[in-house]
Amino acid sequence: MKRLQPPHSLTLCGLSFTLLLAAAATIAQEPPANQTAPANLEPAKAAAPAVDPPTPSERLPNAPADACQGGLVFDDGKADKGYSFVSSAKWGMYVQQVESRDIPSRHLQNVCVCWFQKPGDGDADFEVVFFAADGAKPAMEPYAKVKSTAKALGQGKLDAKWHSVDVSGVSVPEGTSYIGVRWQPKKEPRLFVCSDHSEETARQKAFFGEDRSKGWIDLETTSDPIFIPHRALLLRTLSHAKDWQPPPPQAAPAASATPRVEPNP
């Protein structure tokens with residue numbers, strides 16, 4: 001027995017009805033222009049930029065090319081915040097953990113620090129300090145410190161500047177060290193060391209201490225809310241090459257003989 005074919009008009013009607021349902025579904029998934037898309041709908045991914053992302057030295061205004069580039073860098077190069085102390089503190093320090101295995105040579109060359117003043121535009125005295133580990137914290141006394149002066153500091157974090165300190169006489173011991181900065185807030189009450197709060201930056205162990213605190217305070221466990229988003233200090237270490245050897249000490253010049261003066265006859 002032959003099967004009866006449906007009329008062409010019914011087939012066309014069915015097709016039209018299917019197209020209408022598809023159009024309605026499309027309209028239901030696209031919110032009006034003035035309405036925010038639901039949170040569960042993922043936005044389209046943006047096309048990759050045509051140029052490479054900026055290097056850390058390009059992200060931070062006024063960063064010199066030698067801001068310890070190629071050294072031990074934990075930050076993304078952007079000064080998100082700055083840390084300081086109350087002006088009544090006699091001294092204060094911020095230090096960051098480093099491991100000797102991450103440094104090509106234990107003979108250091110430079111330590112680079114990002115600073116700014118708020119307000120102001122001048123110079124500031126400070127020290128680069130080096131501590132060995134005492135358990136899970138820095139020791140109380142540094143094994144080395146180097147004095148320096150940051151010149152012509154910028155005003156505010158948008159004008160933050162790097163300052164490179166020659167520490168070529170310092171060698172780090174094996175294992176964990178803490179490298180940082182120490183200054184006198186009474187003398188430099190407007191000085192701030194830069195910090196990275198970017199979520200993409202891995203959190204680095206850091207501590208601070210001052211004359212009124214009892215020992216070191218861990219930035220990760222302190223109750224001060226300013227440190228909750230902390231990731232890294234903008235403090236970098238550059239060492240000599242692995243096979244570098246310090247130059248031998250120079251011998252003192254031989255003292256010239258004092259000429260003998262004969263008395264007049």
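Which ones in region 87-108 are crowded, with 19+ Cβ neighbours inside 10 Å and either assigned to a strand (DSSP E or B) or in contact with a Phe, Trp or Tyr (Cβ under 7 Å, 6 or more places away or on another chain) (or both)?
GLY92, MET93, TYR94, VAL95, GLN96, GLN97, VAL98, HIS107, LEU108, listed by residue number.
Among the residues of region 156-170, what is the count of those that are in a strand (DSSP E or B) and either among the aliphatic types (A, V, I, L, M) or surrounded by fewer than 17 Cβ atoms within 10 Å (Cβ to Cβ) (or both)?
Of the residues in region 156-170, 2 are in a strand (DSSP E or B) and either among the aliphatic types (A, V, I, L, M) or surrounded by fewer than 17 Cβ atoms within 10 Å (Cβ to Cβ) (or both).
Would you please name the residue that is farthest from VAL95 (Cα to Cα), looking only at residues in region 135-155 that are exposed (fewer than 13 other Cβ atoms within 10 Å of the Cβ) and of a type outside the set (A, V, I, L, M, F, W, C)?
The qualifying residue farthest from VAL95 (Cα to Cα) is LYS151.
From (1) at pLDDT 90 or above; (2) loosely packed, with under 14 Cβ neighbours inside 10 Å, pick out the condition that doesn't hold for GLY82.
(2)
Residues checked against (1) small (Gly, Ala, Ser); (2) closer than 28 Å to HIS107 by Cβ; (3) modelled with pLDDT under 95:
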{"residue": "GLU199", "(1), (2), (3)": "no, no, yes"}
{"residue": "SER239", "(1), (2), (3)": "yes, yes, yes"}
{"residue": "TRP244", "(1), (2), (3)": "no, yes, yes"}
{"residue": "PRO248", "(1), (2), (3)": "no, yes, yes"}
{"residue": "ALA252", "(1), (2), (3)": "yes, yes, yes"}
{"residue": "ARG260", "(1), (2), (3)": "no, no, yes"}
{"residue": "ASN264", "(1), (2), (3)": "no, no, yes"}
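Restricting attention to region 178-219, and to residues there that are among the small types (Gly, Ala, Ser) and under 22 Å from the mean Cα position of the chain (by Cα), which single residue is surrounded by the fewest Cβ atoms within 10 Å (Cβ to Cβ)?
Among those that are among the small types (Gly, Ala, Ser) and under 22 Å from the mean Cα position of the chain (by Cα), it is ALA202.
The values are calculated or read from the model by the stated rules, or taken from the named source; none is laboratory data. Quantities reported herein were computed from a predicted structural model and do not represent experimental measurements. Positions of Cβ are backbone-derived with ideal geometry, glycine not excepted, and every protein chain shown enters the neighbour counts.
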